[in-house]
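The values are calculated or read from the model by the stated rules, or taken from the named source; none is laboratory data. This is a predicted model, so every value here is computed, not measured. All Cβ positions, even for glycine, are placed from backbone atoms using ideal geometry, and neighbour counts span all protein chains on display. Please note that ligands, DNA and RNA were not included when accessible areas were found on the heavy atoms of the full protein model with its side chains. Shrake-Rupley method; radii C 1.70, N 1.55, O 1.52, S 1.80 Å.
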Amino acid sequence: MNTVIEHYDVAVVGAGHAGCEAALAAARLGMETILFTVSVDSIALMPCNPNIGGTSKGHLVREIDALGGEMGKNIDKTFIQSKMLNKSKGPAVHSLRAQADKQNYSREMRRVLENTDHLTIRQAEVSEILTEDGAASGVKTVSGAVYHTRAVVLCTGTYLRARCIYGDVSVNTGPNGLQAANHLTDSLKALGVEMYRFKTGTPARIDKRTIDFSKMEEQLGDERVIPFSFSTDPESVQIPQISCWLTYTNEKTHEIIRENLDRSPLYSGMIEGTGPRYCPSIEDKVVRFADKNRHQVFLEPEGLYTNEMYVGGMSSSLPEDVQYEMYRSVPGLENAKIVRNAYAIEYDCINPRQLNATLEFKNIRGLFSGGQFNGSSGYEEAAAQGLVAGINAALKLKGREMMVLDRSEAYIGVLIDDLVTKENHEPYRMMTSRAEYRLLLRQDNADLRLRKKGYEIGLITEEQYQALCRKESLILQEIKRVESQNIGGTPEVQALLESLGSTPLSSGSTIGELIRRPELTYQALAAIDPGREELPGDVQEQVNINIKYDGYIRRQMKQVEQFKKLEVKRIPEDIDYEQIQSLRIEAVQKLKLYRPMNIGQASRISGVSPADVSVLLVYLEQRGRKNGQV
């Protein structure tokens, strides 16, 4: 018998990184929200790598924080090592990465959730999405309990019909041996949702006491730690850090793997799901990069109060005996004891083209989706989508315009746009190369780009917004001052320039002109800049970047202007592509399938050519004239 238990505004299904952000966003925006999880102990679980951030992913965490999300704050409270990656390269690809204490990360996020107003946590498996007149109206659990809601956000991660596999062993569980969610897929298929079967994997965990670190290279954190969250006091994160370690596979490792490929579920056909190309298993690496005689292996601690070490770079689904032989062939792991076997995990997810850029299903109003369930990989990608889905569920119920970030505004915009406009036949991973405006979308300016949006939505406080306004003002004032601060070739100036490897001045210059020299920075010129006041480090960083890369930034902003012209040309929802003459058949098929919101989105759909876009533009202009809009 079905029993109506309670009424809520929003139900969030799944309490991983996407679900946590979705539930917090909806609740903080005043929506009575219920968060369902198969196990309360798995809230914000990190079933794979013990870190947050990394190349391009650090950008996402900064953007989540700028919009009012929780991930950045949580890792700042629970990290055990932090490092800014790619510091030898330009600022566009600098990315923050922090090792987490996995248990503490989960525990701290759960504490935040449990103490958030308007938010209820419920341990139960959701088996059915309820709808009325084509709109989500609630959820039903396996026990038959019915919860009526006005919106539902799906964040099921890797739990739907999950299957963990290594060698001949196949167990129908979610990650870390937790209960899988086996009932919801049928309900979604009955609603016409198209499903994919994807896979991911994780390496073994090894007992630290059985590792010989003397054969490995120590990897230290940064001397000066930069926090993820713009709200975190930088002094609070200057803490003692734990080391990570680097070693390498060798020809013996690769030989063991090659000799046992027939026993790998990846190659025997036992695994049906498609895995991520950009995060391959060690078996994949050895086969695909046969010319390489070694691969990096990182030994990373899982926390302060455990001896488990994560073997980064050696994810596998090989049989247990082969795993032992393989890991023990690596320098420093000769006597390694495995705490948890490596495994692959298969799971159900959706084809994300069924979603609008708001992450609402096109054909089911009020049903939103975020995270790995959308065919992406990674904690950070999941959290970013969860935040957007949670925000938009709340905004929709409030009768407000939903938030869509475009490709020129945020990595989150690139991520979602790629998911909903491109054919993704494998788990999607964020990379800096995917962002065509990456010089503007740096991790250091995420607050300047997105904090105002977070404030307008209602997730950023007045105090945080005023702090942003002060920061913007200080940056603009200092850039103006530096660009007009003249300086002569005094002995003091010439001596400093010589010490910094820069050519001496032959005539007068401004501080701004000196900063543009590749070998000089705003910070390095402090001694010869008499008008300078002491400014916060993040303000100094923005002054330096904006002056040094001024020409490149201006050029990219012009590109964005052109991009925006196509983004603002909306495509009516009732458009009949088959009635548009001169559109190629493939374009008609793809446009009907994806139903793009604007011309810019249409132009990025595979199979829609520039000629098709021109035809569309002409048609919309003619239609506008007929309707008296032009």
* Asked: Got a sec? Which strands (runs of 3 or more DSSP E) wholly within region 274-369 have at least 1 residues that are of a type in the set (Gly, Ala, Ser)?
  -> 308-312, 343-350, 367-369
* To do: Scan region 1-39 for residues that are touching a Gly at 6+ places or on another chain (Cβ under 9 Å), surrounded by fewer than 24 Cβ atoms within 10 Å (Cβ to Cβ) and among the acidic types (Asp, Glu) and jot them down.
  => 9
* Structure fact -> Residue count, region 33-90, condition among the polar types (S, T, N, Q), within 26 Å of residue 544 (Cβ to Cβ) and in a loop (DSSP other than H, G, I, E, B), comes to 4
* Asked: Which of the residues belonging to region 141-161 are part of a strand (DSSP E or B) and surrounded by fewer than 22 Cβ atoms within 10 Å (Cβ to Cβ)?
  -> 141, 145, 146, 148
* Asked: Tally time: how many residues in region 560-591 are under 28 Å from the mean Cα position of the chain (by Cα), open to solvent by 70 Å² or more (accessible area, probe 1.4 Å) and among the aliphatic types (A, V, I, L, M)?
  -> 1
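So, in region 371-388, of the ones that are assigned to a helix (DSSP H, G or I) and either over 18 Å from residue 95 (Cα atoms) or without any contact (Cβ under 8 Å) to a residue 40 or more places away in the chain (or both), which residue ends up most open to solvent (accessible area, probe 1.4 Å)?
Taking the candidates together, the pick is 372.
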* Structure fact -> Across (1) at pLDDT 95 or above; (2) among the polar types (S, T, N, Q); (3) open to solvent by 30 Å² or more (accessible area, probe 1.4 Å), residue 329 clears everything bar (3)
* Asked: Does residue 131 fit the bill of being assigned to a loop (DSSP other than H, G, I, E, B) and either polar (S, T, N, Q) or more than 29 Å from residue 54 (Cβ to Cβ) (or both)?
  -> no
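Matching residues to (1) assigned to a helix (DSSP H, G or I); (2) at negative phi; (3) of a type in the set (Asp, Glu); (4) surrounded by 12 or more Cβ atoms within 10 Å (Cβ to Cβ):
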site	(1), (2), (3), (4)
505	no, yes, no, yes
512	yes, yes, no, yes
520	no, yes, no, yes
545	yes, yes, no, yes
554	yes, yes, no, no
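Conditions (1) of a type in the set (Lys, Arg); (2) more than 20 Å from residue 53 (Cβ to Cβ); (3) assigned to a loop (DSSP other than H, G, I, E, B); (4) touching a Gly at 6+ places or on another chain (Cβ under 8 Å), marked per residue:
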{"site": "390", "(1), (2), (3), (4)": "no, yes, no, yes"}
{"site": "394", "(1), (2), (3), (4)": "no, yes, no, yes"}
{"site": "399", "(1), (2), (3), (4)": "no, yes, yes, no"}
{"site": "402", "(1), (2), (3), (4)": "no, yes, yes, no"}
{"site": "408", "(1), (2), (3), (4)": "no, yes, yes, no"}
{"site": "416", "(1), (2), (3), (4)": "no, no, no, no"}
{"site": "420", "(1), (2), (3), (4)": "no, yes, no, no"}
{"site": "426", "(1), (2), (3), (4)": "no, yes, yes, yes"}
* To do: Give me a count of the residues in region 186-199 that are out of contact with any Phe, Trp or Tyr (no Cβ under 8 Å at 6 or more places or on another chain) and either hydroxyl-bearing (Ser, Thr, Tyr) or open to solvent by less than 30 Å² (accessible area, probe 1.4 Å) (or both).
  => 3
* To do: Could you check residue 116 against (1) modelled with pLDDT under 95; (2) hydroxyl-bearing (Ser, Thr, Tyr); (3) closer than 30 Å to residue 239 by Cα and say which number it fails?
  => (1)
* Structure fact -> Within region 1-26, the residues that are assigned to a loop (DSSP other than H, G, I, E, B) and farther than 16 Å from residue 396 by Cα are 1, 2, 14, 15, 16
* Pull up region 165-176, narrow it to residues that are more than 17 Å from residue 123 (Cα to Cα) and free of Cβ contacts under 8 Å to residues at least 60 places away in the same chain, then point me to the one that is surrounded by the most Cβ atoms within 10 Å (Cβ to Cβ). => 171
